[in-house]
Amino acid sequence: MIAQIKINFDLCKDPLLCRQCLSVCPSVVFVCGPTKIWKGRETDPQEYRIFGRYLDKCSGCGDCVKVCPTGAVDLGFLPKEQLAQRYQEERIAQLKERNS
Amino acid sequence: MCWVCEKYGNGEKWYLNPENYARRLYKVRKEGREASGADADPQAAGMGAGVVAELVKARISGDLKWEEEIKRDALEHAYQTHFGQVVTLDEYLQILDIAYPLVKMTCGCRRVQRGMPDEENFTCMGIGPGMYKWERWPETYRGGVEFLTPEEAKQWAMMNHKEGRVQTVDVFGTPYIGGLCQCEYPGCVAVRNRLDYDFKFLLKGHTVAKVDREKCTGCKSCLGRCQFKSLNLEVYTNKAYVDMDQCFGCGLCITACPSGAIELLDRESLPGLAENW
């Protein structure tokens, strides 16, 4: 099974200052990055967003869900075969578009 | 010598060639991709965020050709703009005599991967003329920069080595070296992606560690020093084991050994590893 992580950005308002999920994850599955880069000043912590990136490394321990103060982390699982098929189809479509 | 040395080393190791630390302070328009690495947000160039998302998909799909294609395209770009290589502490200290000015700054990787607050995260070193205009990229240099004298920088580098961080040189617009990192697995994006996805954004160093099995007493002092999953204890013989094929040559295990049982060999002196970057 492969993790599917969805963050509800309406609930996750202050990711960089909160950083609970980033900090607790035993497999460092999450990343956070700025959604805006300003000229002349630093990006506000609230303008960061957290994503589940290294999904193939997620063990499914669920600590991120437990630790999130706003309940913004949704952790689900899909069979690897199902995801593999989805991505293989994406790849075929990508190659088709490239060759057209 | 690695391919970067052949191209930019001028007969030396490329990161000991002073030319690669020099850059104009005024702007010269350039054609092509190199320009983007030099003038765009330095951390964004080659950090490969989108690339890794694709790589994870390809890895899950099991399509090796796809994975290879993603890496090949990404590296072709990265090698022109932003990539790194492991160096030894000795080499790092030599660089601190070549490059100027030197500043401490936050580590973008640990911010991205762990959300570390800037005030606890001054573990990178920015170097060279770019530091005179660091304010152009306030997001990259969150929390500002702290200028160091070469002597202070050396003390700081030795402290980092002692604490167990891998030291690397980092290119910002090849072959210009604009930073020195103190890295670890998995907090460093470059080390993580190299180990977990064999993404060669970070090159191995010019040295390789080798255990002298006669001298090793099995004291275990070196265990825990390796950030590349290349060092463990052979329990049955009670000797340290270095996977030389996987070793990046940082030398962290060597400085922890009280018996002088690990030596750092020149990668080129080992025919089996000479092209293993």
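Using a 1.4 Å probe on the protein chains only, how many percent of the accessible area of the stretch A:2-99 belongs to carbon and sulfur?
In the stretch A:2-99, the share of accessible area belonging to carbon and sulfur is 51 percent.
How would you classify the stretch A:2-99 from its alpha-carbon gyration tensor, with a ≥ b ≥ c the square roots of the eigenvalues: rounded for a/c under 1.5, else prolate if a/b is greater than b/c, otherwise oblate?
Oblate shape, in that a/c is at least 1.5 and b/c is the bigger or equal ratio.
Using the 4.7 Å Cβ rule, please list in number order the cysteines from chain A without any candidate partner.
A:C12, A:C18, A:C25, A:C32, A:C58, A:C61, A:C68
Just the number, please: Stokes-Einstein D of the stretch B:163-276 in µm²/s, Kirkwood Rh from C-alpha pairs, 37 °C, 0.692 mPa s.
After rounding, the answer is 221 µm²/s.
Using a basic spin-label model with each label point 7 Å from the Cα along Cα→Cβ, how many nm lie between B:A22 and B:K65?
Each label point is offset 7 Å from its Cα along the Cβ direction, giving 4.8 nm.
Any idea of the accessible area per residue across the stretch B:207-269, 1.4 Å probe, to the nearest Å²?
Spelled out: the 1.4 Å probe surface of the stretch B:207-269, per residue, equals 51 Å².
Counting only other chains, what is the mean number of Cβ atoms within 10 angstrom of the Cβ of each residue in peptide A:77-84?
Going residue by residue through A:77-84 and averaging, the value is 2.
State whether the stretch B:129-197 is rounded, prolate or oblate according to the following rule on the C-alpha gyration tensor (a ≥ b ≥ c being the square roots of its eigenvalues): a/c under 1.5 gives rounded; otherwise a/b larger than b/c gives prolate, and the remaining case gives oblate.
Note, shape of the stretch B:129-197 comes out oblate.
Past the 13 angstrom mark, what percentage of all C-alpha to C-alpha distances in the stretch B:207-269 do you count?
Taking all Cα-Cα pairs of the stretch B:207-269, the fraction more than 13 Å apart is 54 percent.
Put one equal scatterer on each alpha carbon of the stretch B:111-229, apply the Debye formula with no solvent term, and list log10 I(q)/I(0) at q = 0.17 1/Å to two decimals.
Log-scaled intensity ratios, in q order: -1.05.
Which whole-number percent of Cα pairs in the stretch B:45-161 have a distance greater than 16 Å?
When all Cα pairs of the stretch B:45-161 are counted, 69 percent exceed 16 Å.
Translational diffusion coefficient of the protein assembly as shown at 10 °C, 1.306 mPa s, Stokes-Einstein with Kirkwood Rh over Cα pairs, in µm²/s as a whole number.
Once the numbers are plugged in, D ends up at 72 µm²/s.
Tell me, what is the percent relative contact order of the stretch A:2-99, built from C-alpha pairs under 8 Å that lie six or more residues apart?
Relative contact order for the stretch A:2-99 comes out at 39 percent.
Taking only pairs that are 8 or more places apart or on different chains, how many Lys pairs in the stretch B:129-239 have Cα atoms under 14 angstrom apart?
Lysine pairs meeting the criterion: 5.
What accessible area, summed over both chains, is buried at the A-B interface (1.4 Å probe, Å², nearest 100)?
2800 Å²
Could you tell me which of rounded, prolate or oblate describes chain B, using a ≥ b ≥ c as the square roots of the eigenvalues of the alpha-carbon gyration tensor, with rounded for a/c under 1.5 and, failing that, prolate when a/b is larger than b/c and oblate otherwise?
Note, shape of chain B comes out prolate.
Just want the answer: with Cβ charges of +1 for Lys and Arg and -1 for Asp and Glu, which residue in B:F201, B:G164, B:L223 is farthest toward the dipole's positive end in the protein assembly as shown?
B:F201
Quickly rank B:173-180, B:227-234, B:99-106 as a protection proxy: mean count of other C-beta atoms within 10 Å, highest first.
B:173-180, B:99-106, B:227-234
With charges set only on the Cβ (+1 for Lys and Arg, -1 for Asp and Glu), what does the dipole of chain B come to about its Cα centre, in debye to the nearest 20?
Using only the charged Cβ atoms, the result is roughly 300 debye.
About its Cα centre, what dipole magnitude does chain A give when the only charges are +1 on Lys and Arg Cβ and -1 on Asp and Glu Cβ, stated in debye to the nearest 20?
For chain A, the charge dipole is close to 220 debye.
The values are calculated or read from the model by the stated rules, or taken from the named source; none is laboratory data. None of these values were measured; they are calculated from a predicted model. Cβ atoms come from the backbone with ideal geometry, glycine included; neighbour counts cover every protein chain shown. Ligands, DNA and RNA are excluded from the accessible area calculation, which covers all protein heavy atoms including side chains. Shrake-Rupley method; radii C 1.70, N 1.55, O 1.52, S 1.80 Å.
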